[in-house]
Structures are given as structure tokens and as C-alpha cells.
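The values are calculated or read from the model by the stated rules, or taken from the named source; none is laboratory data. Just so you know, these numbers come straight off a predicted model, no measurement behind them. Note that we place each Cβ from the backbone using ideal geometry, even for glycine, and neighbour counts take in every protein chain shown. Just the protein is used for accessible areas: all its heavy atoms, side chains included, with ligands, DNA and RNA removed. Shrake-Rupley method; radii C 1.70, N 1.55, O 1.52, S 1.80 Å.
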Amino acid sequence: MQEFGLKSQVKDLDAYGITNANKIYWNLSPASLVEKALEHKEGNLADTGALMCDTGKFTGRSPKDRYIVKDDKTKDTVWWGDINQPISPENFDRIYTKMVEGLKGRDLYVRDAYAGADKTYRLNLRVINTKAWQNLFCYNMFLRPDKYKLEQFDPNFTIICDPDFKADPSVDGTRQANFALIDMSKKMILIGGTGYAGEMKKGIFSVLNYLLPVERQVLSMHCSANIGHKKHDTAIFFGLSGTGKTTLSADPNRGLIGDDEHGWTDSNVFNFEGGCYAKVIDLTQEKEPEIYDAIRFGAIVENTRFVEGSRDIDYKNTSITENTRTAYPIYHIRNAVNPSVGGTPKNIFFLTCDAYGVLPPISRLTKGQAMYHFISGYTAKVAGTEAGITEPQTVFSACFGAPFLPLHPTRYAEMLGEKMKKNDVTVWMVNTGWTGGPYGIGTRMKLEYTRAMITAALEGTLHNVGYRKHSIYKFEIPATCPSVPSVVLSPRETWQNDVGYYEKANILARAFIENFKKFEEFASAEIMEGAPTTRDDYK
């Protein structure tokens with residue numbers, strides 16, 4: 001067995017039972033990993049220098065094939081159900097033994113990395129890959145230790161990822177051949193049968209969503225974050241896909257802390273990651289200049305295609321999937337802050353793309369409303385985004401990240417409420433969706449108006465205007481906002497049809513109430529007071 005890397009960093013994998021690999025490459029540079037990927041025909045170079053790779057059969061996560069080992073550590077703490085499915089320690093061990101056996105005689109790529117920009121709360125990770133491009137993905141997405149720290153690196157969580165290994169559902173306790181298994185006690189993640197690299201990133205996010213709240217009293221969050229010129233001018237942006245989370249946090253006048261995963265301690269907000277994993281479908285330099293310019297050498301683009309006869313990336317091509325993505329280190333973003341840490345936040349934005357057109361473009365929430373709508377995690381899909389969708393469909397994802405929450409959502413919401421109170425934080429609901437009517441009748445909220453409203457909130461301007469309460473959602477709606485016509489601030493006024501407006505507003509309110517029934521047993525009275533009502537007197 002040969003090992004490659006800096007001489008002082010070369011180690012063995014005997015502790016994992018891996019003793020007969022062909023070659024082990026330790027902590028290779030991006031350039032070396034790109035060379036290996038090209039040598040083994042794992043991808044192709046695009047005109048920008050980015051590495052284009054395919055993820056195979058799976059072009060996204062497979063949430064139904066994610067499991068957490070149920071043992072003495074997790075049996076009474078994990079929120080078991082469709083999201084957190086249990087697997088026995090015996091089945092985990094059986095798959096582990098077979099995976100390790102399957103690594104014999106193969107080249108392996110090993111990376112030591114951090115998860116967590118705040119060293120007090122970070123995880124030391126070791127990732128063992130069978131694909132060079134996936135090891136480059138980990139270089140991009142996790143934090144990169146200084147070389148001298150690699151000499152004595154001691155991992156406290158390990159990922160073993162082999163896309164070619166397939167489980168046997170008849171004996172291994174999985175649903176099908178692919179899987180992502182998390183063992184909190186053994187501090188290990190096993191991923192097999194899928195080439196989708198995002199399973200590694202989200203596996204560690206799930207781990208942090210368990211360890212930080214339970215053991216460190218740190219709120220873990222699926223959000224983006226940026227910072228102004230002052231230490232405590234930190235802003236947090238929650239939102240599901242298509243709501244503008246990445247776009248609105250990428251403000252050229254503010255520093256980017258991170259675009260996806262963060263922790264909130266008593267003194268700061270810190271990024272879990274060392275990179276960004278962004279969708280690139282229909283990407284243009286005009287719409288997303290920061291992301292577009294970040295796709296250069298060292299970056300990865302997944303499941304994209306070239307413009308015929310060239311090496312130009314065809315961002316409009318959906319022949320493989322609409323979930324085309326890029327992974328790049330955060331230092332590819334010009335205004336990224338280093339280290340990726342900001343002070344405690346003063347403003348939080350819940351972003352929603354409301355296709356019903358009934359939510360205000362910006363509104364201020366009470367603590368109870370913030371906790372209620374944090375648990376709800378609402379947005380909407382519109383006609384044309386998926387086959388068979390002809391009317392807007394409500395989407396609820398608890399805490400804006402349900403697939404990654406090992407604990408009950410109320411646990412995270414209560415922590416959010418406590419931190420809001422302690423740090424005097426204002427929470428805003430921002431509708432980046434429709435106004436003047438629902439999808440198909442109204443128009444999409446202008447980005448310039450949304451940016452102006454967020455800027456006014458961040459600068460404190462909205463604290464000095466009058467407010468009125470929404471009759472169904474009880475949010476406080478500002479009467480004025482600089483650079484935004486006053487009529488835009490009132491969704492009912494933009495409709496010019498009170499009956500139609502309240503009919504749709506009631507439909508959405510009832511959807512909130514129905515969705516929340518599964519959380520009511522664990523929700524406090526204050527959280528329940530944040531629920532919308534319905535209004536039947538509008539006729």
C-alpha cells in the first residue's frame with residue numbers, strides 16, 4: 001500500500017479496518033484532485049476551469065434512504081418518524097464491515113477538515129472517498145485546516161463514502177441499495193449507492209443539528225448570513241428553495257458569512273462550512289454575478305452539459321436534472337468574511353415565495369409569531385415548476401430545513417425565541433412571491449423593492465414608521481418604506497378585490513393551521529398564539 005501527501009501528514013487507516021487499499025492520497029490539493037479526476041475520467045474541464053461531473057442515478061438527496069442509528073444515546077432524544085428513520089446498530093455494523101471489505105485494492109482519497117468556523121464548537125472531520133472529485137467537493141465545502149495542524153489532526157467524526165457500494169435491503173435493514181447512515185455514538189457516517197455529493201454535506205449538517213443544541217446549547221440553523229460594517233450588524237436569512245435566500249444575502253455592501261448553514265452561540269453567528277453549494281439552473285452573470293464568477297478552477301459543476309461544440313457550460317440545459325449545482329470554496333466570493341463569523345444578529349428575515357399573493361411584502365413578527373412561522377417554514381410551488389402542478393401548492397418545511405432536523409422542531413423554535421429575547425432581535429417576514437393577485441393573475445414582487453425593504457429594516461428606518469396589523473395573520477405591516485410605493489406594502493390594496501383577496505388569505509391560513517396540528521402537542525401557548533386566524537366577514 002502506498003500513501004501520498006505531505007510526508008508529515010501521511011498516516012494509515014488501520015483504525016477503520018482499512019488495511020489493503022491500493023493507494024491512499026492524503027489531503028491532496030485541488031489541482032492534484034482535478035488531475036486525478038480527469039485521469040480516471042470522473043469529469044471534464046469547462047471553459048472557466050471548473051470541473052464538470054455527473055452524480056449518476058441520483059441527482060439529489062434521497063431523504064427516504066437516510067437513517068440514524070437508534071441506540072441508548074439517540075432513542076429518547078431523536079424525533080423519530082418519516083424524517084428520522086431508525087436503523088439498528090447491528091445493521092450499521094454489518095454494512096460497515098462490508099463497505100470496508102469493498103475498499104480493498106482500491107485508490108482512496110482522504111481529507112481532514114473542520115465543520116464550524118468557531119473553533120470552540122467545530123467538528124474535526126475525516127472524509128474517506130473513492131472518487132477524487134468527491135474529495136474535491138469536501139475540500140470546497142468544509143473548512144480547510146492550516147497545513148501544520150494536519151500533522152497532529154485528530155478526527156472526532158468520520159465519513160466513508162463509496163458510491164459503488166450497494167446495500168442488500170433483504171439483510172441490511174435499508175429500503176433500497178443506496179443509503180446514508182448516521183451513527184452518533186460511533187461518530188461516523190456511511191454513504192453508499194449514490195454519487196450525489198450533497199449527502200456528505202447534509203449528513204454533517206444533521207450531525208451538528210443534533211450535537212450543538214443537545215450538548216452545547218447552540219442553535220443550529222439552515223440559513224444564510226451576512227454582516228455590515230459593525231460587529232453586531234449581522235443578518236440571518238431563512239428560506240426554502242426559490243425564495244431568494246442566496247440572492248438577498250449576497251449584498252455587495254455587506255460581507256458574506258455563509259450561504260447555507262450556521263450556528264448561533266451566546267456571542268456570535270458562525271458558518272459551519274467553508275464553501276457554497278448553489279443551484280445553477282438558468283444561471284446568468286447578470287442575475288447572479290457572485291455565483292457566476294465563482295465557477296472557476298477549483299469549483300465543481302454537477303450534472304450540467306456543454307453548449308454543443310464548445311466547453312461553455314449550458315446553464316439552461318435540464319437534460320439530466322433541474323437540480324444542477326456548483327460547489328466552490330467561499331473564498332471564490334469577493335466579499336466573503338474570514339473567518340466566517342459575525343456578531344449576534346439584530347435582524348432575521350423569513351423569506352417566502354407566496355404564490356397566493358396574500359402575505360405582505362414585509363412585516364414585523366412578535367416572538368410567538370416568529371416561533372410559529374419558524375416551525376411552519378412556508379413557501380409555495382407554482383404551476384410549471386413540476387409536472388402536474390396547475391395551481392399553487394403550499395410547502396411547509398419545519399425550521400426551513402425539516403430533512404436535516406434530528407430533534408423535534410419545537411426544540412429549535414424555543415431556542416430561537418430565547419435568543420430573540422436575550423439579543424433584542426427583530427424578525428421580519430418577507431414575501432418575495434406574488435402581489436396584486438395570485439400566480440397567474442398578479443405579478444412577482446420586484447427585486448428592487450425587496451432589497452429596499454431589507455435595507456430599510458437593516459438600517460433601522462422601519463423602526464420609525466407607523467404600523468397596522470393584518471386581520472388574519474396579525475403581522476405588523478409598515479405604513480411606509482423608502483423607495484417603495486406605499487400601496488405595495490398592503491397586499492389587499494394591490495388586489496383591488498377584497499373578496500378574492502380574503503378567500504385566498506383564508507385558504508392559506510387554514511393550510512397553516514392544518515399543517516401545525518402535528519406540532520401542537522409540544523408547542524407552548526406563546527407559540528400557538530402566533531397562529532393565523534380565518535376571517536369570514538369579508539363579504
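Of the conditions (1) in a strand (DSSP E or B); (2) at pLDDT below 95, Arg111 satisfies every one except a single condition; which number is it?
(2)
Restricting to segment 99-133, name every residue that is charged (D, E, K, R) and under 19 Å from Val341 (Cβ atoms).
Selection gives Asp118, Lys119, Arg122.
Is it the case that segment 174-195 has a residue that's open to solvent by 10 Å² or more (accessible area, probe 1.4 Å) and in a helix (DSSP H, G or I)?
Looking for residues that are open to solvent by 10 Å² or more (accessible area, probe 1.4 Å) and in a helix (DSSP H, G or I), one finds none in segment 174-195, hence no.
I want to confirm something. Restricting to segment 10-57 and keeping residues that are of a type outside the set (D, E, K, R), buried (at least 19 other Cβ atoms within 10 Å of the Cβ) and assigned to a loop (DSSP other than H, G, I, E, B), which single residue is farthest from the chain's Cα centre (by Cα)?
Checked segment 10-57; the qualifying residue farthest from the chain's Cα centre (by Cα) is Ala21.
For the structure I just gave you, tell me whether Asp65 is of a type in the set (D, E, K, R), in contact (Cβ under 8 Å) with a residue 60 or more places away in the chain and surrounded by 19 or more Cβ atoms within 10 Å (Cβ to Cβ).
Taking the combined requirement at face value, the residue satisfies it.
For segment 445-476, which residues satisfy the criterion of being assigned to a strand (DSSP E or B) and free of Cβ contacts under 8 Å to residues at least 12 places away in the same chain?
Answer for segment 445-476, where residues must be assigned to a strand (DSSP E or B) and free of Cβ contacts under 8 Å to residues at least 12 places away in the same chain: Arg468, Lys469.
Within segment 507-522, can one find any residue that is touching a helix residue (DSSP H, G or I) at 6+ places or on another chain (Cβ under 6 Å), open to solvent by 20 Å² or more (accessible area, probe 1.4 Å) and touching a residue at least 24 places away in the same chain (Cβ under 8 Å)?
So far as segment 507-522 goes, yes, one or more of its residues are touching a helix residue (DSSP H, G or I) at 6+ places or on another chain (Cβ under 6 Å), open to solvent by 20 Å² or more (accessible area, probe 1.4 Å) and touching a residue at least 24 places away in the same chain (Cβ under 8 Å).
Just to check your reading of the model, which residue among Tyr139, Tyr114, Tyr121, Tyr148 is more than 22 Å from Lys70 (Cα to Cα), surrounded by 23 or more Cβ atoms within 10 Å (Cβ to Cβ) and among the aromatic types (Phe, Trp, Tyr)?
Every option except Tyr139 fails the conditions.
Name the single residue, out of those in segment 523-539 being among the acidic types (Asp, Glu) and in contact (Cβ under 8 Å) with a residue 60 or more places away in the chain, that is most open to solvent (accessible area, probe 1.4 Å).
Step by step, filter segment 523-539, then rank; the result is Glu529.
Which members of segment 521-539 meet the condition of being modelled with pLDDT under 95 and assigned to a helix (DSSP H, G or I)?
Passing the criteria: Glu521, Phe522.
What's the number of the only condition in (1) assigned to a loop (DSSP other than H, G, I, E, B); (2) in contact (Cβ under 8 Å) with a residue 60 or more places away in the chain; (3) not aromatic (Phe, Trp, Tyr) that Gly440 fails to meet?
With respect to (1) assigned to a loop (DSSP other than H, G, I, E, B); (2) in contact (Cβ under 8 Å) with a residue 60 or more places away in the chain; (3) not aromatic (Phe, Trp, Tyr), Gly440 is out only on (2).
Looking at (1) buried (at least 24 other Cβ atoms within 10 Å of the Cβ); (2) at pLDDT 95 or above, which is the one condition that is false for Asp259?
(2)
Taking only segment 480-506 into account, find how many residues are of a type in the set (Lys, Arg) and open to solvent by 70 Å² or more (accessible area, probe 1.4 Å).
So the count comes out to 1.
Residues are listed down the side, and each one gets a yes or a no for (1) under 29 Å from the mean Cα position of the chain (by Cα); (2) of a type in the set (Ser, Thr, Tyr); (3) within 13 Å of Ser363 (Cα to Cα):
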position	(1), (2), (3)
Ala479	no, no, yes
Val487	no, no, no
Val499	no, no, no
Ala505	yes, no, no
Ala511	yes, no, no
Phe516	yes, no, no
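So, in segment 293-333, of the ones that are of a type in the set (Phe, Trp, Tyr) and more than 19 Å from the chain's Cα centre (by Cα), which residue ends up most open to solvent (accessible area, probe 1.4 Å)?
Result: Phe297.
When you check Tyr412 against the structure, is it under 18 Å from the mean Cα position of the chain (by Cα), within 17 Å of Val269 (Cα to Cα) and either among the aromatic types (Phe, Trp, Tyr) or at pLDDT below 95 (or both), yes or no?
yes
Residue pairs, Cβ under 7 Å, 6 or more apart or interchain, first in segment 311-339 and closer than 30 Å to Asp146 by Cβ, second aromatic (Phe, Trp, Tyr). List them.
Cβ pairs passing all conditions: Arg325/Tyr277; Ala327/Phe137; Ala327/Tyr277.
Taking interchain pairs and intrachain pairs at least six residues apart, which have beta carbon atoms under 8 angstrom, with the first residue in segment 85-103 and open to solvent by less than 30 Å² (accessible area, probe 1.4 Å) and the second of a type in the set (Lys, Arg)?
Ile87/Lys70; Phe92/Lys186
Please count how many residues of segment 462-490 are of a type in the set (S, T, N, Q), at negative phi and touching a helix residue (DSSP H, G or I) at 6+ places or on another chain (Cβ under 9 Å).
Residues flagged as of a type in the set (S, T, N, Q), at negative phi and touching a helix residue (DSSP H, G or I) at 6+ places or on another chain (Cβ under 9 Å) within segment 462-490 amount to 3.
Can you find even one residue in segment 365-372 that is in a loop (DSSP other than H, G, I, E, B) and surrounded by fewer than 24 Cβ atoms within 10 Å (Cβ to Cβ)?
Yes, because at least one residue in segment 365-372 is in a loop (DSSP other than H, G, I, E, B) and surrounded by fewer than 24 Cβ atoms within 10 Å (Cβ to Cβ).
For segment 196-212, which residues satisfy the criterion of being outside any loop (DSSP other than H, G, I, E, B), open to solvent by less than 20 Å² (accessible area, probe 1.4 Å) and touching a Pro at 6+ places or on another chain (Cβ under 9 Å)?
Ser206, Val207, Asn209, Tyr210
Take Asp76 and decide whether it is loosely packed, with under 15 Cβ neighbours inside 10 Å, at pLDDT below 95 and either out of contact with any helix residue (DSSP H, G or I) (no Cβ under 8 Å at 6 or more places or on another chain) or not small (Gly, Ala, Ser) (or both).
Criteria not met by Asp76.
Only one residue in Tyr467, Tyr439, Tyr473 is open to solvent by 20 Å² or more (accessible area, probe 1.4 Å), under 23 Å from Leu240 (Cβ atoms) and of a type in the set (Phe, Trp, Tyr), so which one is that?
Tyr439 is the lone residue from the list that is open to solvent by 20 Å² or more (accessible area, probe 1.4 Å), under 23 Å from Leu240 (Cβ atoms) and of a type in the set (Phe, Trp, Tyr).
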